[in-house]
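Participant: First, the structure itself, so that you have it in front of you.
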């Protein structure tokens, strides 16, 4: 299940994983199995599912039945809504810990050892003490969460405006089993810095790539190429850093997934370096 596919499929991408969730989970799972891709288990993001014990158990059984047929890597996307790992309030922190431990327990039942959770940085915070104290609380939370568990955790950017926020958070945890998940759509939506700047700053901290597109107006989960992200720049940056990443396609429906993969495959076999992009004539 965790064997993965031959790599690299594309410059910067070692293999694809299909995000499986919602009403289209069966068709998405079937597509991933038929094509030999990996799977990102994303149904358990939902707090409604996690609060419904019978339905949650039924969903666990469904995945237990289907995941053994997946040829590629399997990852698990943990809950994220209203969770605050860095909270200073013990009650909020405790509720966040309880919910994330629930996700870890479910992943263990499914035999999945690689999980993605979101960071919770507040980009509007202006107090100069906020950032270092945020990093300290991140370190304490994630160490406590995974203590005694054989798991790898990817910390995903969402609201973070600068890549050094993510690198500081990962470094503060200081565990080999904790790395970064780079979400290209969140970078495009919430940061003024380029994909290349993010990749350069995070470097080999990046263990996983999430791809979907948007026009910077809102989170749209469009197939790559249908928004305004510079995918050549992103893939070129990955190559320049010597990275070849497991890549989760985070778009709805099989048609959207197929369009995403077709577009990424259509890009140049050798993404342009900064120097070649600089030689392009300006329009």
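The values are calculated or read from the model by the stated rules, or taken from the named source; none is laboratory data. Keep in mind it's a predicted model, so treat the numbers as computed, not measured. Every residue, glycine as well, gets a Cβ built from its backbone with ideal geometry; the counts of neighbours run over all protein chains shown.
Participant: Counting only residues that are touching a residue at least 24 places away in the same chain (Cβ under 8 Å) and touching a helix residue (DSSP H, G or I) at 6+ places or on another chain (Cβ under 8 Å), which one in the stretch 43-61 is farthest from residue 96 (Cα to Cα)?
Facilitator: Applying the filter and picking the extreme gives 60.
Participant: Somewhere in the stretch 26-33, is a residue touching a residue at least 60 places away in the same chain (Cβ under 8 Å), more than 23 Å from residue 255 (Cβ to Cβ) and surrounded by fewer than 19 Cβ atoms within 10 Å (Cβ to Cβ)? Spell out how you get there, then give the answer.
Facilitator: Applying the first criterion (touching a residue at least 60 places away in the same chain (Cβ under 8 Å)) to the stretch 26-33 yields 27-28, 31.
If we keep only those that are more than 23 Å from residue 255 (Cβ to Cβ) too, we end up with none.
The answer is no, given that none of the residues of the stretch 26-33 is touching a residue at least 60 places away in the same chain (Cβ under 8 Å), more than 23 Å from residue 255 (Cβ to Cβ) and surrounded by fewer than 19 Cβ atoms within 10 Å (Cβ to Cβ).
Participant: Further question on the same structure: Out of (1) at pLDDT 95 or above; (2) within 15 Å of residue 185 (Cα to Cα); (3) outside any helix (DSSP H, G or I), the odd one out for residue 243 is which?
Facilitator: Condition (2) is where residue 243 drops out.
Participant: Which of the residues spanning the stretch 208-234 are over 22 Å from residue 32 (Cβ atoms) and crowded, with 22+ Cβ neighbours inside 10 Å? It would help to see each step written out before you state the result.
Facilitator: Filtering the stretch 208-234 for residues over 22 Å from residue 32 (Cβ atoms) gives 214-220, 227-230, 232-234.
Correct list: 229, 234.
Participant: Out of the stretch 80-115, which residues are farther than 27 Å from residue 64 by Cβ and in contact with a strand residue (DSSP E or B) (Cβ under 7 Å, 6 or more places away or on another chain)? Reasoning before the result, please.
Facilitator: Filtering the stretch 80-115 down to residues farther than 27 Å from residue 64 by Cβ leaves 82, 84-95.
Within the stretch 80-115, none qualify.
Participant: Let me ask something else. For residue 75, only one of the following conditions fails: (1) over 30 Å from residue 122 (Cα atoms); (2) out of contact with any helix residue (DSSP H, G or I) (no Cβ under 7 Å at 6 or more places or on another chain); (3) surrounded by 19 or more Cβ atoms within 10 Å (Cβ to Cβ). What is its number?
Facilitator: Just one mismatch for residue 75, condition (1).
Participant: I've got another one for you. Within the stretch 1-56, which residues are in a strand (DSSP E or B) and either modelled with pLDDT of 95 or more or in contact with a strand residue (DSSP E or B) (Cβ under 7 Å, 6 or more places away or on another chain) (or both)?
Facilitator: Narrowing the stretch 1-56 to residues in a strand (DSSP E or B): 10, 13-20, 38-41.
Within the stretch 1-56, 13, 14, 15, 16, 17, 18, 19, 20, 38, 39, 40, 41 meet the criteria.
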